[in-house]
Amino acid sequence: MQTEIRQSFEKLFPKKQITTHAIELLTYEVDAGLDHGAPEGVAFPQSPEDVARLMRWANAHNVPLIARGAGTGLSGGAVAERGGVIVEFSRMNRVIELDVRGRSAVIEPGILNLVFDGIVKQSSLYYPPDPASQRASTIGGNVAENAGGPHCFKYGVTTNYVTGLNLVLADGRAMRVGGRALDFPEYDFIGLLVGSEGTLALITSIDVRLIANPPGVKTMMAGFDSVRDAGNAVSAVIAAGLVPATMEMMDQRITRIVEDVVHTGLPTDAGAVLIIEADGYPASLDSQIEEIADLIQANGARQIRIAQSEEERARIWYGRKSVAGSIARVAAGNYTVDITVPRSRLAETLTQVDEVIARHKLDAGHLLHAGDGNFHPLILVRDLNDARERETIVQAGREIAAIGVRANGSITGEHGVGIEKREFMTLMHNADELNAMWDVKQVFDPRGLLNPGKIFPTQMPEIERARAEGDLPGDMFTPATIEEAARGIVALGNANRRAMITSNSEFGIRNSEFTRLSPENLVSIKAYAPDDLYITVGAGMLLAELQEFLARDHKQVALASPFRDATLGGVVASNANAPLRMRYGALRDLVLAMTVVLGDGRIIRAGRPVVKNVAGYDLPKVFVGSFGTLGLIADVTFKIAPQPRARRTLLVPVNDCARGIEIAERVLPGALVASAVLIAQTSDWRLDAKRGDWNAPYALVYSAEGIREDVETEIANVRAVLRAVGASSPVESEVSGTEIWAGALESALHEARVIARVGVPVKELANFVATQSDSFAQNNFVVDVANGLVYATRRAGDDVRAWLTALREPAIARGGYAIVMHAPEKSRAALDGWGAPPESLALMRALQARWDPSSVFNSGAFFI
């Protein structure tokens, strides 16, 4: 850094927020991996304004900025390899707001993961992402790497819990994406930013959703003769329809290293040790653990130890979490490889990895997040200063990464690409895919100031500019293959013709003037892996057909639609979520991968059929809810789940909507296995005869599903709360809350009504509904209380625009939105389907221009 630039840097903030001292900078040359880089300064911002000021200074002087949390990363992501200034967020560590009722929080990036989890647990809430570095790592760092942890098999990774971000862009502008309301109508830039390793923007605050803290937990440890046997046991547990909270595995080499140091009673004679934890209501734990124990014993477990106390449980986990510290006693360091493969391929992957280790004459043990297929060979380093040894280790790491890719997995499941694995990216992604990611980088950071040198290989592969062109499609284009679709799309672009991607679901307002492009012939099941809990299907398949296929094996994809002819591509492109998201996650959480044809003819395979994959930007997320403006979704890989073993629904009579929401807010804090908490109008129900004598105009609908004991306990708890608040006695129905929601909206379709979706933060829902009392008295609606969503309907007519405005304005004032989900064709042109454009509109347009330079797709749809 030149003297005058350094001097201007030192004047940006008070001295306590700046350092350029050579000795102090040594601390920031490394993270927890093997890579090094010398920063030229460190800044300690204390506010979003500080971050914006620093970014504007960096722009003025062309200085790179490298965001840093606690420096616990293992891939060099926070290392200033090319100089520049480290942005150290440790002083932005507040919980800005904790909304217990709405089960959400707003936090600054510098707060420690374990500290935040401890704070929310005091309110009986839970933030599941728990990386091994939980005690030291920051939430901001976790967001940058999309961190996972032992509990992600059941609960998901960081991206599944982030709903909004406040950012400072590379040009110094502040921007907000997403928010406390769910499903904001904009491209899912949150999905791109989470896991982007600080290469796209600087994050100044994070909106997260929380879940109920499971009141009970039980832990077991089992020994096996081999990792293969332990892997088979894991598959047997999953095949039985059980979803343990964690399934962690250590091989004998690791077990012996740990036990020699911490003496926690790990079975050192076992070839592999499996730690399994079940959580839920205490009433379900014994039956869960007993069933798991029977399954793993039938699959080779020869030593089973069930923790009988919290102290014994803590000792088991102390052994698991002491791996890194124990290795430090036997080696100068370790190189942690981080690949993910479908879990059914763990055993064959391990065999191949051991061959690589042996061929390079290295010493290694294995640690596995067995439930999600995340595999960590820990290669012991004898001499940190031995360049030849390091070269050998990195080469072995590359070969292991290639093994993961060949197994249809990822080169990195949770540690990120950083410096360490950037040259591995070409193993997993072709030129089109890497350049699609580079397009994202150029949209956010065209000057390359944010964390340069990370993620992308040193030499980017060139894409083929001239694309094969097919015959020019006519008024209707229904390609039979992905390649045919690409050729036709190129022809449309070359002829300056427009295409409107259509689906039968009719979500969103469509323009029917151009070539209609339909994936109706892309309907095949391309891959089905029930043991690995995923399925890959053509985007033209009907959702109902997929559910029927999966039901044969007692599986499901946790999606629903009120449109009986909804296609998978249409549901994904419109981000059409149902109330059961509160139990299984949103649609964006269920999409693992997809194949997409971009507007310039590029075919990209985005994602992989694994839960943990942080090899570059999470491109599938940005297509969810893009309404066909970014590309043609050709196939989708979904995360599937076992069908619930039990489901029960309570219907509570209420005389007005406000009272229903008041009662719902009292039962929500205990919702552990709830799959719907709604306020519905009784006139819209498709219910059975068990409803009985009913005069109330509304009902609170509460559905719970999962393990029988958990469901029964939760329903009993809800009944107790209802009695305590003086609610009317509930009746039970075999119809689920999601089915009631779908039935209400399906009725609106048959009656040619306009359907609007309103999203507000859960804490604002009661206030918003109070503004709609007159409208609700005259029109049909469903309130999804748990998710802060209102589905309002009205017959088409001259006053529909005024009705929509009356929904939209109070929603926006409360941090939400209102959009038109469906409108009869005669009403569409007169309606503003989207409302005020999002702050990210310029970024949306810039990305669309790079992926669809000829503006082939869905002109006039969405905000684009």
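Select from the range 436-447 the residues that are touching a residue at least 60 places away in the same chain (Cβ under 8 Å) and not β-branched (Val, Ile, Thr) and list them in ascending order. Before the answer, list the steps.
Taking the range 436-447 as the starting set, the residues that turn out to be touching a residue at least 60 places away in the same chain (Cβ under 8 Å) are 436-437, 439-447.
Ala436, Met437, Asp439, Lys441, Gln442, Phe444, Asp445, Pro446, Arg447 - these are the residues of the range 436-447 that are touching a residue at least 60 places away in the same chain (Cβ under 8 Å) and not β-branched (Val, Ile, Thr).
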Looking only at residues that are hydroxyl-bearing (Ser, Thr, Tyr) and open to solvent by less than 40 Å² (accessible area, probe 1.4 Å) in the range 520-537, which one is farthest from the chain's Cα centre (by Cα)? Thr536
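Answer with yes or no whether Asp225 is among the charged types (D, E, K, R) and in contact with a helix residue (DSSP H, G or I) (Cβ under 7 Å, 6 or more places away or on another chain). Quick ask: steps written out before the conclusion?
Numbers: among the charged types (D, E, K, R): yes; in contact with a helix residue (DSSP H, G or I) (Cβ under 7 Å, 6 or more places away or on another chain): no.
Judged against the criteria, Asp225 is not a match.
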Given the residues Asp439, Asp432, Asp475, Asp471, which is the only one that is at pLDDT below 95, surrounded by fewer than 23 Cβ atoms within 10 Å (Cβ to Cβ), out of contact with any Ser or Thr (no Cβ under 8 Å at 6 or more places or on another chain) and closer than 30 Å to Ser518 by Cβ? Asp471
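Test Arg719 against the stated conditions and say whether it is at pLDDT 95 or above, surrounded by fewer than 23 Cβ atoms within 10 Å (Cβ to Cβ) and touching a Phe, Trp or Tyr at 6+ places or on another chain (Cβ under 8 Å). Lay out the reasoning, then the answer.
Numbers: at pLDDT 95 or above: yes; surrounded by fewer than 23 Cβ atoms within 10 Å (Cβ to Cβ): yes; touching a Phe, Trp or Tyr at 6+ places or on another chain (Cβ under 8 Å): no.
When the stated conditions are applied, Arg719 does not pass them.
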Just name the residue that is surrounded by the most Cβ atoms within 10 Å (Cβ to Cβ) out of those in the range 668-695 that are in contact with a Ser or Thr (Cβ under 8 Å, 6 or more places away or on another chain) and modelled with pLDDT under 90. Leu687
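Please work out if Val237 is open to solvent by 40 Å² or more (accessible area, probe 1.4 Å) and either in contact (Cβ under 8 Å) with a residue 12 or more places away in the chain or of a type outside the set (D, E, K, R) (or both). Full working, then the answer.
Details: open to solvent by 40 Å² or more (accessible area, probe 1.4 Å): no; either in contact (Cβ under 8 Å) with a residue 12 or more places away in the chain or of a type outside the set (D, E, K, R) (or both): yes.
Here the answer is no, as Val237 does not meet what is asked.
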Scanning the range 444-466 residue by residue, the ones that are over 28 Å from Arg406 (Cβ atoms) and either open to solvent by 20 Å² or more (accessible area, probe 1.4 Å) or more than 24 Å from the chain's Cα centre (by Cα) (or both) total 7
Among Arg135, Arg176, the single one that is in contact with a strand residue (DSSP E or B) (Cβ under 8 Å, 6 or more places away or on another chain), surrounded by fewer than 19 Cβ atoms within 10 Å (Cβ to Cβ) and modelled with pLDDT under 95 is Arg135
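Could you tell me whether the range 779-792 includes any residue that is of a type in the set (A, V, I, L, M), more than 26 Å from the chain's Cα centre (by Cα) and more than 30 Å from Arg602 (Cβ to Cβ)?
The first filter runs over the range 779-792 and keeps only residues of a type in the set (A, V, I, L, M), leaving 782-783, 785-786, 789-790, 792.
Filter once more, so that each one left must be more than 26 Å from the chain's Cα centre (by Cα): 782, 792.
Checking the rest, the ones that are also more than 30 Å from Arg602 (Cβ to Cβ) come to 782, 792.
Yes, the range 779-792 contains at least one residue that is of a type in the set (A, V, I, L, M), more than 26 Å from the chain's Cα centre (by Cα) and more than 30 Å from Arg602 (Cβ to Cβ).
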Working only within the range 516-554, note down all residues that are in a loop (DSSP other than H, G, I, E, B), without any contact (Cβ under 8 Å) to a residue 40 or more places away in the chain and of a type in the set (A, V, I, L, M, F, W, C). Val523, Met541
Some residue of the range 153-175 being outside any strand (DSSP E or B), of a type in the set (A, V, I, L, M, F, W, C) and closer than 30 Å to Met249 by Cα: yes
Selection from the range 368-400 of residues that are closer than 15 Å to Leu350 by Cβ and out of contact with any Cys (no Cβ under 9 Å at 6 or more places or on another chain): Leu368, Ala370, Gly373, Phe375, His376, Pro377, Leu378, Ile379, Ala396, Glu399, Ile400
Show the residue pairs that are 6+ apart or on different chains and have beta-carbon atoms under 9 Å apart, the first residue being within the range 156-170 and on the phi > 0 side of the Ramachandran plot and touching a residue at least 40 places away in the same chain (Cβ under 8 Å), the second being open to solvent by 10 Å² or more (accessible area, probe 1.4 Å) and β-branched (Val, Ile, Thr). Gly156/Val611
Considering the range 79-109 alone, what residues qualify as being out of contact with any Gly (no Cβ under 6 Å at 6 or more places or on another chain), open to solvent by less than 20 Å² (accessible area, probe 1.4 Å) and assigned to a loop (DSSP other than H, G, I, E, B)? Gly83, Gly84, Gly102, Glu108
When the range 270-300 is examined, which residues are found to be closer than 13 Å to Phe224 by Cα, open to solvent by less than 10 Å² (accessible area, probe 1.4 Å) and either assigned to a helix (DSSP H, G or I) or touching a residue at least 60 places away in the same chain (Cβ under 8 Å) (or both)? Leu274, Ile296
Given the conditions (1) modelled with pLDDT of 95 or more; (2) in a loop (DSSP other than H, G, I, E, B), report the number of the one that Asn496 does not fulfil. (1)
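Based on this model, can you work out whether Ala38 counts as closer than 30 Å to Arg382 by Cα, at pLDDT 95 or above, open to solvent by 20 Å² or more (accessible area, probe 1.4 Å) and not in a helix (DSSP H, G or I)?
Yes, satisfied.
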Listed by first then second residue, the pairs whose first member lies in the range 477-499 and is within 11 Å of Val856 (Cα to Cα), whose partner is assigned to a loop (DSSP other than H, G, I, E, B) and among the hydroxyl-bearing types (Ser, Thr, Tyr), with beta carbons under 6 Å and at least 6 positions apart or on separate chains, are Gly493/Ser854; Arg498/Ser859
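Inside the range 384-402, can you point out the residues that are open to solvent by 10 Å² or more (accessible area, probe 1.4 Å) and not acidic (Asp, Glu)? Step through it out loud before you land on a result.
Applying the first criterion (open to solvent by 10 Å² or more (accessible area, probe 1.4 Å)) to the range 384-402 yields 384-392, 394-395, 398-399, 402.
Residues satisfying the conditions are Leu384, Asn385, Ala387, Arg388, Arg390, Thr392, Val394, Gln395, Arg398, Ala402.
Please indicate, with yes or no, whether at least one residue in the range 555-574 is closer than 24 Å to Gly77 by Cβ, open to solvent by 10 Å² or more (accessible area, probe 1.4 Å) and in a strand (DSSP E or B).
The first filter runs over the range 555-574 and keeps only residues closer than 24 Å to Gly77 by Cβ, leaving none.
No: the range 555-574 contains no residue that is closer than 24 Å to Gly77 by Cβ, open to solvent by 10 Å² or more (accessible area, probe 1.4 Å) and in a strand (DSSP E or B).
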Go through (1) open to solvent by 10 Å² or more (accessible area, probe 1.4 Å); (2) in a strand (DSSP E or B); (3) aromatic (Phe, Trp, Tyr) one by one and return the number of the condition Phe638 breaks. (1)
Gly788 passes all but one of (1) of a type outside the set (Ser, Thr, Tyr); (2) open to solvent by less than 20 Å² (accessible area, probe 1.4 Å); (3) modelled with pLDDT of 95 or more; (4) at negative phi; which number fails? (4)
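Residue by residue through the range 575-606, note down the ones that are part of a helix (DSSP H, G or I), touching a residue at least 60 places away in the same chain (Cβ under 8 Å), in contact with a strand residue (DSSP E or B) (Cβ under 7 Å, 6 or more places away or on another chain) and not hydroxyl-bearing (Ser, Thr, Tyr). Write out each step before concluding.
Step one: filter the range 575-606 for residues part of a helix (DSSP H, G or I), giving 581-584, 587-590.
Next cut, touching a residue at least 60 places away in the same chain (Cβ under 8 Å) only: 581-584, 588-589.
Subsequent filtering for residues that are in contact with a strand residue (DSSP E or B) (Cβ under 7 Å, 6 or more places away or on another chain) retains 582-584.
Those that are part of a helix (DSSP H, G or I), touching a residue at least 60 places away in the same chain (Cβ under 8 Å), in contact with a strand residue (DSSP E or B) (Cβ under 7 Å, 6 or more places away or on another chain) and not hydroxyl-bearing (Ser, Thr, Tyr): Met582, Arg583.
Looking for something among the small types (Gly, Ala, Ser), assigned to a loop (DSSP other than H, G, I, E, B), within 21 Å of Asp130 (Cβ to Cβ) and in contact (Cβ under 8 Å) with a residue 12 or more places away in the chain - is there at least one such residue anywhere in the range 186-195?
So in the range 186-195, the residues among the small types (Gly, Ala, Ser) come out as 191, 195.
Filter once more, keeping what is assigned to a loop (DSSP other than H, G, I, E, B): 195.
Then keep just the ones that are within 21 Å of Asp130 (Cβ to Cβ); that gives 195.
Next, from what is left, pick out any that are in contact (Cβ under 8 Å) with a residue 12 or more places away in the chain: 195.
Yes, because at least one residue in the range 186-195 is among the small types (Gly, Ala, Ser), assigned to a loop (DSSP other than H, G, I, E, B), within 21 Å of Asp130 (Cβ to Cβ) and in contact (Cβ under 8 Å) with a residue 12 or more places away in the chain.
Could you list all residues from the range 360-390 that are part of a helix (DSSP H, G or I) and touching a residue at least 60 places away in the same chain (Cβ under 8 Å)?
Across the range 360-390, the qualifying residues are Ala370, Gly371, Asp372, Arg390.
The values are calculated or read from the model by the stated rules, or taken from the named source; none is laboratory data. Every value quoted in this text rests on a predicted model; they were computed, and no experiment measured them. A quick note on method: Cβ atoms are made from the backbone with ideal geometry, for glycine too, and the neighbour counts reach across all protein chains shown. When the accessible area is computed, the model is the full protein with side chains, heavy atoms only, and any ligands, DNA or RNA have been set aside. Shrake-Rupley method; radii C 1.70, N 1.55, O 1.52, S 1.80 Å.
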